1. Does any residue of the range B:121-143 turn out to be hydroxyl-bearing (Ser, Thr, Tyr) and surrounded by fewer than 21 Cβ atoms within 10 Å (Cβ to Cβ)?
2. Would you check which residues across the range C:31-56 are more than 7 Å from chain A (Cβ to nearest Cβ) and either among the hydroxyl-bearing types (Ser, Thr, Tyr) or under 16 Å from C:Glu384 (Cβ atoms) (or both) and list them?
3. Could you figure out which of (1) at pLDDT 95 or above; (2) over 30 Å from C:Tyr263 (Cα atoms) isn't true of A:Leu117?
4. Of all residues in the range C:298-357, count the ones that are crowded, with 18+ Cβ neighbours inside 10 Å, under 20 Å from C:Lys225 (Cβ atoms) and either in contact (Cβ under 8 Å) with a residue 60 or more places away in the chain or touching a Lys or Arg at 6+ places or on another chain (Cβ under 8 Å) (or both).
5. Would you pick out the residues in the range B:93-109 that are more than 9 Å from chain A (Cβ to nearest Cβ) and either part of a helix (DSSP H, G or I) or touching a Cys at 6+ places or on another chain (Cβ under 8 Å) (or both)?
6. Output the number of residues of the range A:285-323 satisfying the condition of being assigned to a loop (DSSP other than H, G, I, E, B), closer than 17 Å to A:Thr149 by Cβ and within 8 Å of another protein chain (Cβ to nearest Cβ).
7. Test of understanding: among C:Val95, C:Val22, which residue is under 30 Å from A:Arg310 (Cα atoms) and aliphatic (A, V, I, L, M)?
Amino acid sequence: MAKPKLAIYWAAACGGCDIAILDIEAKILDVADFFDVVFWPCAMDFKYADVEAMEDKSITLTLFNGAIRSDENFHIAKLLRQKSVVLCAFGSCAADGCIPALANLFTLDSILDYVYLKAPSLDNPGKIIPQLRTKVPEGEITIPQLWNTVRTLGQVVDVDYIIPGCPPQSDQIAEVVGAVIDILKNGKPLPPKGTVLGATDKSCCDECPRERNIKKITKFIRPYEIIADPNLCLLEQGIVCLGPATRSGCGAKCVKASMPCRGCYGKPINVRDQGAKMISALASVIDSTDPGEIDKIIATIADPVGTFYRFTLADSFLRRAQV
Amino acid sequence: MSFEPKILGILCNWCSYTGADLAGTARMKYPANMRSVRVMCTGRVDPGFILNALRSGADGVLICGCHPGDCHYIEGNYKCMRRIPLTKKLLADMGIDPRRLRLEWVSASEGARFQSVVTEFTEEIRALGPLELRELNFDAEHPAGTAQKISAAAS
Amino acid sequence: MKSIVIDPITRLEGHGKIHLFVNDDGSLANCYFQVPELRGFEQFCVGRPVEELARITTRICGVCPDAHHMASAKAIDAVFGATLPSAAFKLRNLVYNAFYAGDHTTHFYALGGPDFVCGPDAPPAERNILGVIAKVGLDAGKKVIAQRARGQRVIEIIGGKKVHPVTALPGGMAKRVSKEEQAELVKIGEEMVEFAKFTIQVLNDVVLANKAYVDLILSDTYAHKTYNMGLVDANNKVNFYDGKVRVVGPDGKEHCKYEPKNYLEYVAEHVEPYSYLKYPFLKKIGWKGFVDGVDSGVYKASPLSRLNTSDGMTTPLAQAEYERFYETLTKDKSGKTPVNATLATHWARVVELVFACEATLALAKDDEITSDKIFSPPQGIVGEGVGIVEAPRGTLTHHYKTDKNGIVTEANLIVGTTNNNAAITMSIKRAAEGLIKKGTQITNGILNRIEMAFRAYDPCFGCATHTLPGEMPLKLVIHDAESGEVIQTVQRNC
């Protein structure tokens, strides 16, 4: 009997999700054993034309990581949706936009302007900016159109499941892979469409071992301003930590390492916008009832938009800045 | 045709909603642009409501609650008092005029105050103009959005 | 004129493609290497608190995130004028060397290695990690997985979590290492050194014992006489984490040696309209196009370059390998004569792997790494800083400017593989020219040798563990450039 087909693709990504998959170590052999990998550009030389030639719905499972920010990313997303039975948004970029979506605070023009015209190391007297089509003596060569707004996978095609995290932690990936193999081998039913896999249903605070008390903050500080108490909640010490507004499942590794959570597992269950929830959480701990004083305390929060939406800007209510 | 602002009003049950009722029974006139939602306390107002309202077509959001110290639930309006300035900061950083969000204290007996607050806010939003959120939703026809103008100009 | 587009190139950080133009007589007219993506980190870092950049810039690359974490941390230290406690400096060095020990393993065995170990003409189905295992034994596969796991575990212990580390702060590190963790690190270091010895054996038995491979390394096919760049310590020895940037010409003469903060005097970036990736070059020599030689500003930054710019290694086994490398390839074990053969990069990578393993063990044994004095909060702010480390794929430069509150106002990055953009372009073209000649039928072997040209540079995505059958299917469709009609389709295992 033919092995079920697996595809792993990266759009506007960093490769960390692919590394996280390989960090399941020996279990990767179970994957190779059970599946026939038919497309994985980072590891194997299948080309786009090979995918185009496949029958619709012939790929059992596609793990798609990376955000959508170019015509090429979009084309392959549509292609893989067409050819796949199950399409997973794998990792924070595909699920929420992640770090590449911070580009939504700027316009594409401003990015091109800095990278090709203003950066201090440039030597570009001709003010050349990459063009979609370039005529060369032998003919014409092309590069894809970049988008002004970075999108999540779910915003451009229909997505079946989401596996959050930047990257998803390898032990979670191993569990998901095991569950998938179990389902396919034994004919078990698939989870409901839209299920978030590889994460749990609480917030990151639930996994954090630090001691928590009533919080009364009169000043927020940046992580380098103090040597943090290793046993006490970071937020309680005045360091902005996104634990309250982040889905659990990662093991709270960052906080255990004495660095505040930055929300890479995305919004918790029953929350629609991670940043909005974080505003709510922080406002709850501000210790003042005087408007002037409240404004002063709020002013000590550095970069609210880039901190509350560090990983989820593309997925938020407002999606991008109006610039 | 001039622009008619769409405004979402979130009024707390104990003070502002009653204040609004008072304005109504006293036949005080104010612009009909505001659609009101009643919550038990402004402490219930999640910043997500505001962002959702703006993305759904509201040009402005007005929140009215009990005066500080008079909250039926003691501290609820203080929570709102802290959330709104931080939400306004977020709006400003997202390129949306923070004046489109306003928090006012209106007590149950302040029908006239309710009238003037709503009137003033409506006119302020009218002056700011409609909130047009560019590239909010994905447009399959023009996925690139306003992409690579420099590129086009240089070609 | 015929047009052949290889899209996408695989095993490259992000995406890449090669556009070949073939004359009617079958000879190569020209060849263009294009990178079709850009995410815009330099722009969207503006407005962020500068200390957060150490966690944001790791997302430039998930294979070498530690390189970005370190370069960023150093730039941030400079922005605050912060000095590191000695224990923090050691922790950063330790985690960085351990990262190298895992990353170079990945490339040698699974990515570039197969070309080398199995041979460039081996059937595609064998030219992958499975073929390597077949040559050197099943044990090798398990050893490689275990070695990678060790590297990731050290990153978890010191950096907080695997893949994207988080613990670097201006003025130190956030997480202490306990005595139990130190014991684990020492054990890891010992196992790494054993693995390094094993790898030297693999290199000897399978590669160097084969005269054909040695001839291939020494041949002109993939040779480029360009400048070489790498970080060196005060004694001009290789150091991945700290030192000055040294540039040495293809003739062995030193071109410059600079402190990170002066990088703009020596390096500039050229732009072409058909690729999103810029082309760094040596400013004082100038951009002369895609040519090599002492008069061209094109330079390479890679394990080979690092060995060429240095006078040796600071650990014993690595130093012995360094001397053997130069003795074999240049008859001069001092290393003063640079090696210009691109394929020798694979061997240079092994020399560095040995160094990284030895350095990991030496640093793990140092009891100071369990100190609680690992972070000294900075006092005050300078507002500008440059941090440079050697990423496995090349010299990595982070340059930040901030306002008085430490919020980023400008960021400029020159990233590992980018240094090699011009050299990669030239290597691909040289390979294509040599292979696509008048009357040639384009075969699978030709496709692979074109791929080998860029693969030696370990282009920023060293994608780990092909423990999956690397059949390397490849399909080329050749269109007539005018009518678009399909003239020839060449397939390989698809």
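1. No.
2. Once the filter is applied, which keeps residues that are more than 7 Å from chain A (Cβ to nearest Cβ) and either among the hydroxyl-bearing types (Ser, Thr, Tyr) or under 16 Å from C:Glu384 (Cβ atoms) (or both), the range C:31-56 yields C:Cys45, C:Val46, C:Val50, C:Leu53.
3. Against the list (1) at pLDDT 95 or above; (2) over 30 Å from C:Tyr263 (Cα atoms), A:Leu117 comes up short only on (2).
4. Selection size over the range C:298-357: 25.
5. Residues satisfying the conditions are B:Pro98, B:Arg99, B:Arg100, B:Leu103, B:Glu104, B:Trp105, B:Val106, B:Ser107, B:Ala108.
6. Total meeting the criteria: 8.
7. Every option except C:Val95 fails the conditions.
Table: residues versus (1) surrounded by fewer than 18 Cβ atoms within 10 Å (Cβ to Cβ); (2) of a type in the set (A, V, I, L, M, F, W, C).
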{"site": "A:Asp23", "(1), (2)": "no, no"}
{"site": "A:Phe34", "(1), (2)": "yes, yes"}
{"site": "A:Trp40", "(1), (2)": "no, yes"}
{"site": "A:Phe74", "(1), (2)": "no, yes"}
{"site": "A:Cys88", "(1), (2)": "no, yes"}
{"site": "A:Asp96", "(1), (2)": "no, no"}
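The values are calculated or read from the model by the stated rules, or taken from the named source; none is laboratory data. Predicted model only: the values in this text are computed from it and were never measured. Methodologically, a virtual Cβ is constructed for each residue, glycine included, from the backbone with ideal geometry; neighbour enumeration extends over all protein chains shown.
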